[in-house]
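*Asks:* Mind having a look at this structure? Questions to follow.
Bear in mind these aren't lab numbers, they're just calculated from the coordinates by the rules spelled out. If you're wondering where the values come from, they're calculated on a predicted model, not measured in any experiment. Quick reminder, even Gly has a Cβ in these numbers, built from the backbone with ideal geometry, and neighbours come from all protein chains shown.
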Amino acid sequence: MIKFDIPACLSGMDVALENGLKTVIDPELHVNIVDLGLIYGITVSQKELLIAVEMTLSTRFCPMGESIVSAVNHCLERLFDQFHISVNLVWDPEWNFESITPAGRKALWGTSTLDPI
Amino acid sequence: MSAIRHQPALYKIVVSHYLVAALFFLTLTIMFMFSINEIAGHYFQPRILALTHTAALGWGTLIIFGALYQLLPVILETPLYSLRLCWASFVLLMPGILMLICAFWFFDPGLMMQVAGVLVLSGILLFNLNVLLTLKNKQQTTIFQEFIVTSCMWLALTAVLGLLLVFNFRFSFLPQDHLAFLRLHAHMGIAGWFLMLIVGVSGKLIPMFLVSKYQQIALLSYAYYLINAALLLFLIDGYFYGINFKTNLILLVGVAGICTYLFYVYRCFVSRIRKDVDLAMVQTLFSFVLLAASIGVLPFIFHYHLKQNPLATNLSVIYGILIFIGWISALILGQTFKTLPFIVWVKHYEHLTGKVKTPMPADLNSNFLLTIQCMAFLLFLITFISGFVFSSLMMKYVGASCLVITALCYCLHISHLLLHKTSIQHYDQI
């Protein structure tokens with residue numbers, strides 16, 4: 001679940017941000033990064049015209065990590081061209097399999113339960 | 001973050017290794033086709049030596065070097081020390097391996113074989129130097145690092161002993177007979193270089209590719225100590241006493257190590273978070289079945305060897321085929337189409353992700369070629385080994401033809417990936 005910190009005057013932007021980030025797909029898992037639970041929080045500052053994303057990767061040395069981070073940057077620059085984008089990688093809390101949303105689990109193993117295999 | 005990123009210079013060296021290794025594989029399969037009669041005989045003969053070194057050096061080692069240049073930063077979590085050393089090693093290895101194969105095939109144990117041996121050893125030492133200097137500034141030691149460093153050390157020792165054997169053809173200075181040293185040379189290469197490296201690298205990559213929840217790398221540590229202990233015991237005992245009853249006990253230690261590793265792979269597989277396993281991973285997992293099968297043959301080789309039964313020689317050939325064309329080739333045939341699409345994808349699409357809709361790395365593969373390759377390889381194993389067991393020359397030729405088809409599909413697939421043209425869709429047009 002993404003934590004949003006968005007000014008009230010920009011209501012609806014959370015949905016646009018979430019939907020936009022859902023177009024960023026993990027190249028190996030073929031599941032979007034929102035449903036993988038990689039996005040922790042998004043802060044929007046209207047005064048600074050800044051969108052700050054706090055996210056993680058499934059592993060600290062994810063071989064496609066830079067691709068995913070640059071995809072997040074490019075995606076938000078494309079959708080919100082009047083804003084500056086900042087993506088901050090964090091490792092606390094560490095990503096784990098419980099972070100995957102029910103939709104992500106369904107995409108990965110066909111059911112939304114946690115441990116089907 | 002040590003990620004796969006596009007560096008044109010690195011891309012060139014990695015792709016050069018993949019391309020040359022693919023051509024060696026194709027050459028290997030054609031040589032195999034023309035050596036069917038020799039394969040039925042003793043393993044110590046020119047064409048078999050040429051085949052083994054094409055498989056071990058031209059195919060296995062070159063592609064592993066190429067893949068490692070790309071993957072070492074991911075596995076060891078530190079940047080590669082030098083691309084110049086990569087090229088220097090490649091430039092020495094390529095002519096060295098070619099000359100060595102020719103010298104074995106036409107059996108010329110003179111200057112050509114000696115120069116080839118020196119070139120191969122020099123190329124390997126430069127590779128080792130690059131790996132060691134890459135690790136120099138690393139603070140923490142991981143089990144993956146232990147596997148890689150140990151495998152490099154075994155590779156260097158294998159090459160040194162190989163070079164001594166080459167000079168021994170002419171000057172005959174080794175204290176025991178050539179075959180005894182050949183056995184030690186072969187097992188340093190198989191268990192020390194290939195097995196150590198494959199366990200270490202796959203120990204990191206298999207959970208990554210399967211996206212597995214399993215994290216118990218302690219199993220890999222047990223595998224490391226057991227396999228190395230077995231190999232050291234085999235070398236020492238084998239040097240002084242040859243194959244004897246104790247060899248079976250040493251084999252048990254090695255098998256325990258391999259079983260520990262296979263159990264780790266199994267645990268990774270059952271705790272994966274993605275249900276679907278693609279064809280490239282299926283072939284990779286199948287390679288471990290072939291590894292288990294090759295080890296299953298070993299006690300029979302020892303048994304017949306002790307009884308001085310000629311079956312031991314035939315089984316040794318089956319063992320060699322299962323190791324080099326079974327296990328190692330199956331693993332490479334599978335893993336190439338897990339790693340190369342990523343490398344090509346990063347070159348074409350990393351700068352575009354998020355801006356436009358791009359294909360995924362797996363979409364770059366040709367499923368048609370991959371399916372034909374897997375089917376042909378499976379048919380090769382079934383028909384060739386059946387032909388060997390039932391002494392059917394026709395089945396052996398059918399099997400060898402299937403292997404050539406496997407190699408042709410592999411080479412075509414590599415070309416298909418390397419000639420990939422960037423293909424994108426703009427989001428506003430979807």
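*Asks:* How long are the three semi-axes of the equivalent ellipsoid for the range B:143-273, computed from the Cα gyration tensor as the root of 5 times each eigenvalue, in whole Å, largest first?
*Replies:* Numbers: eigenvalues 215, 52, 17 Å².
Calculated on Cα positions only, the semi-axes equal 33, 16, 9 Å.
*Asks:* With 10 angstrom as the radius, rank B:421, B:396 by how many other C-beta atoms surround their C-beta, starting from the fewest.
*Replies:* Values: B:421 5, B:396 23.
Placing the least packed residue first, the sequence is B:421, B:396.
*Asks:* Next question. Can you sort B:187, B:351 by how many other beta carbons sit within 10 Å, fewest first?
*Replies:* On the way: B:187 19, B:351 13.
Ascending Cβ contact count within 10 Å gives the list B:351, B:187.
*Asks:* Could you give the size of the charge dipole of the range B:143-273 about its Cα centre, using +1 on the Cβ of each K and R and -1 on the Cβ of each D and E, expressed in debye and rounded to the nearest 20?
*Replies:* Values: 7 positive and 3 negative charges, 71 e Å.
It comes to approximately 340 debye.
*Asks:* Once whole DSSP H runs in chain B are found, which of them have Cα atoms spread over 30 Å or more along the helix axis and a mean Kyte-Doolittle score of at least 0.0? Walk me through the intermediate numbers first.
*Replies:* Working: long enough: B:8-33 (38 Å, 1.72); B:83-105 (33 Å, 1.95); B:111-135 (36 Å, 2.04); B:143-171 (41 Å, 1.65); B:218-241 (34 Å, 1.40); B:245-270 (37 Å, 1.47); B:279-306 (41 Å, 1.69); B:367-389 (33 Å, 2.06); B:393-418 (38 Å, 1.52).
Both cut-offs are met by B:8-33, B:83-105, B:111-135, B:143-171, B:218-241, B:245-270, B:279-306, B:367-389, B:393-418.
*Asks:* State which entries of A:22/A:47; B:12/B:355; A:22/A:106; B:138/B:204 exceed 21 angstrom in Cα-Cα distance in the structure shown. Provide the component values of the computation, followed by the final result.
*Replies:* On the way: A:22/A:47 26 Å; B:12/B:355 26 Å; A:22/A:106 15 Å; B:138/B:204 17 Å.
Result: A:22/A:47; B:12/B:355 exceed 21 Å.
*Asks:* Separate question: Which value results for Rg/Rh of chain B when Rg is the Cα radius of gyration and Rh the Kirkwood radius based on the inverse mean 1/r? If you can, show how the numbers build up before the last one.
*Replies:* Details: Rg = 21.3 Å, Rh = 22.3 Å.
Here Rg/Rh amounts to 0.96.
*Asks:* Looking at the protein assembly as shown from every direction and averaging, what is the projected area of its Cα convex hull in nm²? Please list the in-between numbers first.
*Replies:* On the way: hull surface 104.8 nm².
Taking a quarter of the hull surface, the average projection is 26.2 nm².
*Asks:* Rounded to the nearest 500 deg cm²/dmol, what is the calculated helix-only ellipticity per residue at 222 nm for the protein assembly as shown, with -39500 (n - 2.57) per DSSP H run of length n ≥ 4?
*Replies:* On the way: 19 runs with 345 residues, N = 547.
My calculation for the protein assembly as shown gives -21500 deg cm²/dmol from helical runs alone.
*Asks:* Between residue B:136 and residue A:18, what is the FRET efficiency for a Förster distance of 30 Å, r being their Cβ-Cβ separation, to the nearest 0.05? All intermediate terms of the calculation are to be shown ahead of the outcome.
*Replies:* Working: r = 45 Å, r/R0 = 1.49.
In this case the efficiency is close to 0.10.
*Asks:* Along the Cα→Cβ direction, 7 angstrom out, place labels at residue B:282 and residue B:112. What is the inter-label distance in nm?
*Replies:* 4.4 nm
*Asks:* If you don't mind, another one. Give, as a single signed number, the net charge of other residues whose beta carbon lies under 14 Å from the beta carbon of residue B:266, with Lys and Arg counted +1 and Asp and Glu -1. Write out the running numbers ahead of the final one.
*Replies:* Values: positive: B:213, B:267, B:272; negative: none.
Combined, the nearby Lys, Arg, Asp and Glu give +3.
*Asks:* Restrict the search to the range B:163-207; then list the chymotrypsin sites (Phe, Trp or Tyr not before Pro) that DSSP places in a loop and that have at most 10 other Cβ atoms within 10 Å of their Cβ. Numbers along the way, then the final one.
*Replies:* Values: sites: B:167, B:169, B:171, B:173, B:181, B:193, B:194; in loops: B:173.
Answer in residue order: B:173.
*Asks:* Give me the percent of DSSP beta bridges within chain A that run antiparallel, rounded to the nearest 5. Walk me through the intermediate numbers first.
*Replies:* Details: 7 of 16 bridges.
DSSP beta bridges in chain A are roughly 45 percent antiparallel.
*Asks:* Spin-label point model (7 Å from Cα, Cβ direction): what's the residue B:216 to residue B:102 distance in nm?
*Replies:* Reported label-point gap for residue B:216 and residue B:102 is 5.3 nm.
*Asks:* On to the next question. Could you work out the relative contact order of the range B:72-186, using alpha carbon pairs under 8 angstrom and six or more residues apart, expressed as a whole percent? List each step's numbers first, then the result.
*Replies:* Working: 109 pairs, mean separation 33.6, N = 115.
It comes to 29 percent, rounded to a whole number.
*Asks:* Sticking with this structure for a sec: What is the projected area of the convex hull of the Cα atoms of the range B:217-269, averaged over all directions, in nm²? If you can, show how the numbers build up before the last one.
*Replies:* Values: hull surface 13.3 nm².
Seen from a random direction, the Cα hull of the range B:217-269 projects 3.3 nm² on average.
*Asks:* Quick one, what does Rg over Rh come out to for the range B:1-140 if you take C-alpha atoms and the Kirkwood Rh?
*Replies:* Answer for the range B:1-140: 1.05.
*Asks:* For a Förster distance of 51 Å, can you work out the FRET efficiency between the beta-carbons of residue A:84 and residue B:416, rounded to the nearest 0.05?
*Replies:* On the way: r = 41 Å, r/R0 = 0.80.
E(calc), rounded to 0.05, equals 0.80.
*Asks:* Another question about this same structure. From Cα pairs below 8 angstrom and at least 6 apart in sequence, can you work out the relative contact order of chain B, rounded to a whole percent?
*Replies:* On the way: 568 pairs, mean separation 69.7, N = 430.
Averaging sequence separation for qualifying contacts and normalising by length gives 16 percent for chain B.
*Asks:* Shifting gears a bit: Rounded to the nearest 0.05, what FRET efficiency do residue B:427 and residue A:49 give with R0 = 25 Å and r taken as the Cβ-Cβ distance? Could you check?
*Replies:* Values: r = 22 Å, r/R0 = 0.89.
After rounding to 0.05, the efficiency reads 0.65.
*Asks:* To continue, here is another question. Which shape class applies to the range B:275-430: rounded if a/c is under 1.5, otherwise prolate when a/b exceeds b/c and oblate if not, where a ≥ b ≥ c are the square roots of the Cα gyration tensor eigenvalues? Could the numbers behind the result be given before it?
*Replies:* On the way: a/c = 3.89, a/b = 2.67, b/c = 1.46.
Prolate, because a/c is 1.5 or more and a/b exceeds b/c.
*Asks:* Want the number for residue B:389 to residue B:34: 0.36 nm per residue separation, take away the alpha-carbon distance, what's left? Before the final figure, lay out each step's value.
*Replies:* Numbers: separation 355, 0.36 × 355 = 127.80 nm, distance 1.92 nm.
Gain in length upon complete extension: 125.9 nm.
*Asks:* If you don't mind, another one. Considering only the other residues whose Cβ falls under 14 Å of the Cβ of residue B:277, what net charge follows from Lys and Arg at +1 and Asp and Glu at -1? Display every interim value, and only then the final one.
*Replies:* Values: positive: B:272, B:274, B:275, B:338; negative: A:28, B:276, B:278.
With Lys, Arg at +1 and Asp, Glu at -1, the net is +1.
*Asks:* In the protein assembly as shown, what percentage of the DSSP-assigned beta bridges are antiparallel, given to the nearest 5?
*Replies:* Values: 9 of 19 bridges.
Rounded to the nearest five, the antiparallel share is 45 percent.
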